[in-house]
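Structure first, commentary second.
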2 protein chains.
Amino acid sequence: MSKHIKGVTISQVADAAGVARSSVSRAFTRPEMLSPETVNRIMAAADQLGYRPNHTARALSTGRYGNIALIVPDIANPFFPPMIRAAQMQADSANFCIFLGNTEENGEKEDQLIGRFTGQVEGLILASPRLSDERIWAHAEKLPLVLINRDIPGISSVLIDSSVGVAEAVTHLAKLHHRKMVYISGPPVSWSNRQRQEAFDKTALALGVETATVPTLRPDFESGRKAVEAMLATGATAGIAFDDLTAQGVLTGLAERGISVPADFSLIGCDDVLGSVTYPALTSISSQSSEAGQAAIALLLEMLQTSKHADLRHMIATHLVVRNTTREPHSAVTSG
Amino acid sequence: MSKHIKGVTISQVADAAGVARSSVSRAFTRPEMLSPETVNRIMAAADQLGYRPNHTARALSTGRYGNIALIVPDIANPFFPPMIRAAQMQADSANFCIFLGNTEENGEKEDQLIGRFTGQVEGLILASPRLSDERIWAHAEKLPLVLINRDIPGISSVLIDSSVGVAEAVTHLAKLHHRKMVYISGPPVSWSNRQRQEAFDKTALALGVETATVPTLRPDFESGRKAVEAMLATGATAGIAFDDLTAQGVLTGLAERGISVPADFSLIGCDDVLGSVTYPALTSISSQSSEAGQAAIALLLEMLQTSKHADLRHMIATHLVVRNTTREPHSAVTSG
DNA sequence: CTGTTAGCGCGTTCAT
DNA sequence: ATGAACGCGCTAACAG
């Protein structure tokens with residue numbers, strides 16, 4: 001019980017205003033219950049003393065913490081900042097504060113962070129969690145939980161349906177006469193990755209084009225760069241990367257080997273977070289991560305106001321944005 | 001006092017283990033005070049019931065919240081994510097949680113957020129605050145506070161000293177024989193902006209080159225794009241933008257007008273957060289925002305452990321990274 | 001309308 | 001080594 005910076009308490013205000021503590025409390029939460037006169041007197045005393053209601057004490061008493069935790073694998077991945085920003089704004093408008101957690105793509109750290117948040121959060125948002133279904137279920141049992149980019153029965157989630165976009169991408173490449181394509185994959189435990197891989201395989205099969213898959217360690221620039229060798233070894237003439245960051249790494253790796261894009265190799269990214277800032281401007285599968293952030297908070301707030309364990313779902317569409325990293329392969333007959 | 005999801009309390013564990021509440025408390029905070037035997041018994045009962053100490057109740061009792069608030073103007077600005085990430089990791093290693101606040105470049109919102117955090121954080125980190133010195137002083141009086149990119153007497157801060165980098169940039173351009181340069185400025189209340197503006201003016205004056213300044217509304221892509229017209233009207237042949245985002249907007253605005261970089265105009269950014277992903281690869285003034293995030297938390301933790309209102313300072317150096325957006329102007333005599 | 005009384009869940013003296 | 005009692009700052013019943 002170390003003495004910290006003197007926080008003005010409700011009692012001091014009560015004394016100064018000559019009323020009971022409860023009246024001060026009411027002045028701040030239910031002013032309509034008090035006579036305007038006393039409210040004024042209390043408020044005057046309050047901001048003259050510089051009183052601010054103590055969030056923690058209030059939370060302990062009401063059971064409502066007014067906080068939400070948002071946990072992401074990697075803040076530095078450009079997919080997340082817009083999501084975090086949107087979540088922040090949505091939470092803000094409901095007077096909620098946001099705890100941010102960064103797991104470094106690590107499931108254990110995720111668990112650890114969640115533990116640290118329990119007892120001060122009303123709900124949890126897990127974006128692209130790397131945790132097992134079982135662990136997530138366990139957490140959802142103790143706390144309202146909304147997932148982003150992960151589909152688990154019985155748990156609310158916001159899903160970016162990239163299957164449509166991936167199908168468009170594969171079709172686009174097939175139309176350009178690519179006969180063999182490679183998928184540069186993301187984290188194996190990532191739902192988005194599995195979804196993209198499946199859409200990739202399925203569409204390719206339907207169109208009769210050959211496929212290959214190259215794994216990466218993490219969805220980032222370096223992993224993409226390092227994947228280039230294995231990627232080229234597959235003999236594919238075009239590739240779709242798990243995300244834009246990986247694609248950007250691939251782009252660099254190819255340039256380092258003197259392989260020019262799109263002349264010698266066609267590449268498509270995912271998430272469309274780099275916009276047209278890469279060179280060549282990256283063809284990518286667009287999703288709105290900001291919408292996901294906004295929707296997740298909205299869902300969670302809705303769950304908080306009603307029954308805890310609703311199983312709501314919010315889908316977000318995707319589509320292909322063609323820019324300058326795709327073209328016909330050399331082997332193809334120039335069709336016009 | 002609505003009944004929420006059954007949180008296992010210390011009393012339930014105490015009953016289950018057949019001991020007093022205080023013993024359970026001790027088992028979690030001062031195990032050495034108890035006999036190993038009872039500790040075991042308590043722990044067994046605890047994690048059999050799924051008990052987790054309530055962060056909030058503990059905070060109220062000890063006065064130590066274990067939380068820190070980090071407030072930034074715009075999460076989506078690529079300067080901040082690395083900073084946030086580093087801050088997060090540093091806080092993590094000290095078992096602190098991080099509240100994230102996004103002010104949308106708005107001073108009032110900043111005030112409002114700080115208010116919402118009081119009573120649940122032990123300290124505050126304000127990154128590139130848009131608040132007045134007076135308001136910041138007021139806050140610092142009630143709470144340990146560390147600033148990033150803002151220099152106020154008596155308040156601890158982490159400063160990215162871009163004056164060296166800016167001087168290098170101006171010198172670099174002058175050596176290329178540019179005779180008139182323009183500074184595309186950032187938010188007027190931004191300390192970094194003032195610092196960069198001053199270094200720009202001072203160095204230019206010393207080198208005898210003409211200068212001009214063009215204001216922008218916000219440090220983002222759109223503002224940069226819109227500033228191009230005014231920028232060109234100055235007749236300058238080279239420009240230094242407040243940050244990379246603005247520079248990127250300028251780059252696009254120039255391209256839209258058919259003005260090629262660096263052939264027709266030379267451009268330098270600040271922060272070096274876009275790396276070589278722009279085209280042409282942007283020459284920029286490098287700073288390590290991640291170091292700032294890490295240092296700010298370290299400073300704050302240090303302040304928490306000692307006297308509250310220390311006035312510490314941490315400087316971070318910058319330097320020019322030359323890439324492909326600078327060249328001699330047409331008017332210059334080709335020197336070799 | 002307003003004051004009085006009980007807790008919220010936990011840490012911490014003070015006894016034992 | 002352990003238990004009983006009090007308080008952190010605030011909200012919420014219950015009176016009046």
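The values are calculated or read from the model by the stated rules, or taken from the named source; none is laboratory data. Because the structure is a prediction, the values reported are computed rather than measured. Note: ideal-geometry Cβ built from the backbone for every residue, glycine included; neighbour counts use all protein chains shown. The protein model used for the area step is the full one, side chains on, heavy atoms only, and it has no ligands, DNA or RNA in it. Shrake-Rupley method; radii C 1.70, N 1.55, O 1.52, S 1.80 Å.
What to note about this one:
- Condition met for A:Arg85 (among the basic types (Lys, Arg), at the interface with chain B (Cβ under 10 Å from one of its Cβ atoms), closer than 22 Å to A:Gln288 by Cα and under 31 Å from the mean Cα position of the chain (by Cα)): yes
- If you filter the range B:208-227 down to residues that are more than 27 Å from the chain's Cα centre (by Cα) and not polar (S, T, N, Q), you find that the one that is nearest to B:Arg257 (Cα to Cα) is B:Ala212.
- Taking the criterion of being at pLDDT 95 or above and open to solvent by less than 40 Å² (accessible area, probe 1.4 Å), the residues of the range B:302-320 that qualify are B:Ile316, B:Thr318, B:Leu320.
- One residue alone among A:Ala247, A:Ala255 is under 28 Å from B:Ala76 (Cβ atoms), within 28 Å of the chain's Cα centre (by Cα) and among the hydrophobic types (A, V, I, L, M, F, W, C), and that residue is A:Ala247.
- Counting only strands (runs of 3 or more DSSP E) that sit completely within the range B:222-289, zero hold 3 or more residues that are assigned by TED's automatic domain parsing to the domain that holds B:Phe200 and modelled with pLDDT under 95.
- Residue pairs meeting the criteria (Cβ under 7 Å; at least 6 apart or on separate chains; first facing chain A (nearest Cβ under 8 Å) and open to solvent by 40 Å² or more (accessible area, probe 1.4 Å), in the range B:48-73; second of a type in the set (Val, Ile, Thr) and in a helix (DSSP H, G or I)): B:Leu60/A:Thr56
- Close pairs from the range A:25-39: first of a type in the set (Gly, Ala, Ser), partner assigned to a helix (DSSP H, G or I) and loosely packed, with under 15 Cβ neighbours inside 10 Å, Cβ under 6 Å, at least 6 apart: none
- B:Arg52 meets the stated requirement of being closer than 24 Å to A:Asn67 by Cβ, more than 9 Å from DNA strand D (Cβ to nearest atom) and not assigned by TED's automatic domain parsing to the domain that holds B:Asn95.
- Candidate set: the range B:24-33, residues that are open to solvent by 30 Å² or more (accessible area, probe 1.4 Å) and more than 14 Å from chain A (Cβ to nearest Cβ); chosen: the one farthest from the chain's Cα centre (by Cα): B:Met33
- Taking the criterion of being within 12 Å of DNA strand D (Cβ to nearest atom) and either at the interface with chain A (Cβ under 7 Å from one of its Cβ atoms) or open to solvent by less than 60 Å² (accessible area, probe 1.4 Å) (or both), the residues of the range B:34-47 that qualify are B:Leu34, B:Ser35, B:Thr38, B:Val39, B:Ile42.
- In the range B:177-194, the residues that are more than 17 Å from B:Met231 (Cα to Cα) and either of a type in the set (A, V, I, L, M, F, W, C) or surrounded by fewer than 19 Cβ atoms within 10 Å (Cβ to Cβ) (or both): B:His177, B:Pro188, B:Val189, B:Trp191, B:Arg194
- Taken over the range B:80-128, the residue count meeting the criterion of being touching a Cys at 6+ places or on another chain (Cβ under 6 Å) and either within 19 Å of B:Leu245 (Cα to Cα) or among the basic types (Lys, Arg) (or both) is 1.
Conditions tested, residue by residue: (1) in contact with a Pro (Cβ under 6 Å, 6 or more places away or on another chain); (2) free of Cβ contacts under 8 Å to residues at least 60 places away in the same chain; (3) within 14 Å of chain B (Cβ to nearest Cβ).
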residue: A:Arg257; (1), (2), (3): no, yes, no
residue: A:Ala295; (1), (2), (3): no, no, no
residue: A:Met303; (1), (2), (3): yes, no, yes
residue: A:Asp311; (1), (2), (3): no, no, no
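- Criterion (within 26 Å of A:Asn95 (Cβ to Cβ), within 10 Å of chain A (Cβ to nearest Cβ), open to solvent by less than 10 Å² (accessible area, probe 1.4 Å) and free of Cβ contacts under 8 Å to residues at least 40 places away in the same chain) met by exactly one of B:Phe99, B:Phe117: B:Phe99
- Checking the stated criteria, B:Leu245 turns out to be open to solvent by 20 Å² or more (accessible area, probe 1.4 Å) and within 14 Å of another protein chain (Cβ to nearest Cβ).
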